[in-house]
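First comes the structure, then the notes that go with it.
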Amino acid sequence: MSTATNSIFDHCPIGCNSSLENTDIKLPEGLLKKCPDCGQLLSPCSKAWFDESMQEFDVPMGTLPSGKNKQRYHQRMGKILNNAKSAIAYQPTPEQTLRLLDVGCSSGALLRVAKECGYDASGAEPATQAADTARGLGFEVFPGFLQDAAFPDNHFDVITLFEVIEHLLEPQGLLKEILRILKPGGVLLIGTGNADSWTVGFMGADWEYFDIRSHGGHISFFNPKSMRTLTQQCGFEVDNISTKRVNIRERKHASKPMYELVKVTRELLAIPARFAGKGHDMLTTLRKPAQ
C-alpha cells in the first residue's frame, strides 16, 4: 500500500460538526485524528488505501472462524444472542420465531449460531464471494449493502452489527435504515473496539485494532460516549454498553517470558476494566422505541 496523501475524514462522522484534531498516536499512514467533542478516533488514511484494504473480505471463506476459535466464537456469540431475547421490549408468542438479520454477515458464522439459538436468521453482505458461501449454507443473504435490500418496515426482532461499524465512512445512514426495518421494541447489537480503553492507554499505536494491514478497513474507532451520541442521534434507546478484556502488549512485540507476564497482568486487569468500562471489546445493546 502506498503512503496516504489525502485523509479519508475531514469531519467527525458521528455528527458533532467539529474540526478534527491530531493525536499523538502515530500509525504508518499518519497521526490518528480525534473529535474534541465525542472523542471518536479516526484514521488518517486515504480513500484509495481504505478501498484496497477492504478487498481482503471478498473471499469465499470470509470471516469463518476455525479450530479452537470456532468453539470460542460459538460460545461467546450464543450467549450474546440468547441474552438479546430478554432485551426485546415485547413478549413474543410461544409459536413465534424471532427474525434476526446479521448486517455484514460475511460467510455466515453468526448466522449459524443464530440458527442454533432458535432464530430465523438471514443476512446482508456486499462481499460477493463471502455472501455466496453463506447462501450455500442455506441462509437467505442479500448480496449487497443493506440500504439496497429494501426490507419491509418493522420486520426484524433483532439486528446484529458486529465488526462492521468501524469500517463506515458515514454510519448514520446505515443506522437509520436499521431503525426503519427493526420492529418497535426490537434490539440492535453493535460489537466493535473501544478506543477509550486501558489497552489503548497501554499500547497506543501498537494496538493491532488500529492496524489497517491486519484489520482491513478499520478507520473509525468508537468509545462509549461517541457510540451513545451516534445511536441516540439516529433514534435508538441505549439499553446497555459493556466492555471487556485488556491487553498491554501484542504477542509479536514480547519475548516468551515477557508474554507470560503480560497474560497474568491481563487477567488481573480484566475485572476492574469491565466495571470501569475500559475494556477494549465493546458491546452496545440498543432498542427501537416502542410506538
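Tabulated values for the structure
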quantity: Near pairs, Cβ below 6 angstrom, 6+ apart or cross-chain, from the range 118-135 (within 15 Å of residue 146 (Cβ to Cβ)) to any residue that is surrounded by fewer than 16 Cβ atoms within 10 Å (Cβ to Cβ) and at pLDDT below 95; calculated: 127/58
quantity: Identity of the residue in the range 195-222, among the β-branched types (Val, Ile, Thr) and either surrounded by fewer than 22 Cβ atoms within 10 Å (Cβ to Cβ) or assigned to a loop (DSSP other than H, G, I, E, B) (or both), that ends up modelled with the highest pLDDT; calculated: 219
quantity: The range 67-93, residues that are small (Gly, Ala, Ser) and either out of contact with any helix residue (DSSP H, G or I) (no Cβ under 9 Å at 6 or more places or on another chain) or touching a residue at least 40 places away in the same chain (Cβ under 8 Å) (or both); calculated: 67, 84, 86, 87, 89
quantity: Members of the range 136-153 found to be crowded, with 19+ Cβ neighbours inside 10 Å and free of Cβ contacts under 8 Å to residues at least 24 places away in the same chain, listed by number; calculated: 142
quantity: Where residue 262 falls short, out of the listed (1) part of a helix (DSSP H, G or I); (2) over 30 Å from residue 86 (Cα atoms); (3) in contact (Cβ under 8 Å) with a residue 40 or more places away in the chain; (4) of a type outside the set (Lys, Arg); calculated: (3)
quantity: Pairs, first more than 13 Å from residue 167 (Cβ to Cβ) in the range 37-48, second assigned to a helix (DSSP H, G or I) and modelled with pLDDT of 95 or more, C-beta under 7 Å, six or more apart; calculated: 38/225; 38/226; 38/229; 39/225; 39/226; 40/226
quantity: Tally, over the range 227-236, of residues that are crowded, with 21+ Cβ neighbours inside 10 Å and in contact with a strand residue (DSSP E or B) (Cβ under 9 Å, 6 or more places away or on another chain); calculated: 3
quantity: The range 259-270, subset of a type in the set (A, V, I, L, M, F, W, C) and loosely packed, with under 12 Cβ neighbours inside 10 Å, residue farthest from residue 243 (Cα to Cα); calculated: 264
quantity: Residues of the range 16-42 satisfying the condition of being assigned to a loop (DSSP other than H, G, I, E, B), modelled with pLDDT of 95 or more and surrounded by fewer than 19 Cβ atoms within 10 Å (Cβ to Cβ); calculated: 36, 37
quantity: Odd one out for residue 58, checked against (1) more than 30 Å from residue 183 (Cα to Cα); (2) crowded, with 16+ Cβ neighbours inside 10 Å; calculated: (2)
quantity: Set 225, 288: member being more than 17 Å from residue 34 (Cβ to Cβ), at pLDDT 95 or above and over 15 Å from the mean Cα position of the chain (by Cα); calculated: 288
quantity: Evaluation of residue 64 against (1) in contact (Cβ under 8 Å) with a residue 12 or more places away in the chain; (2) part of a helix (DSSP H, G or I); (3) not small (Gly, Ala, Ser) (one fails), failing number; calculated: (2)
quantity: Test: residue in the range 74-88 that is assigned to a loop (DSSP other than H, G, I, E, B) and either modelled with pLDDT under 95 or surrounded by fewer than 13 Cβ atoms within 10 Å (Cβ to Cβ) (or both); calculated: no
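The values are calculated or read from the model by the stated rules, or taken from the named source; none is laboratory data. Given the structure is predicted, the values throughout are model-derived calculations rather than measurements. Note: ideal-geometry Cβ built from the backbone for every residue, glycine included; neighbour counts use all protein chains shown.
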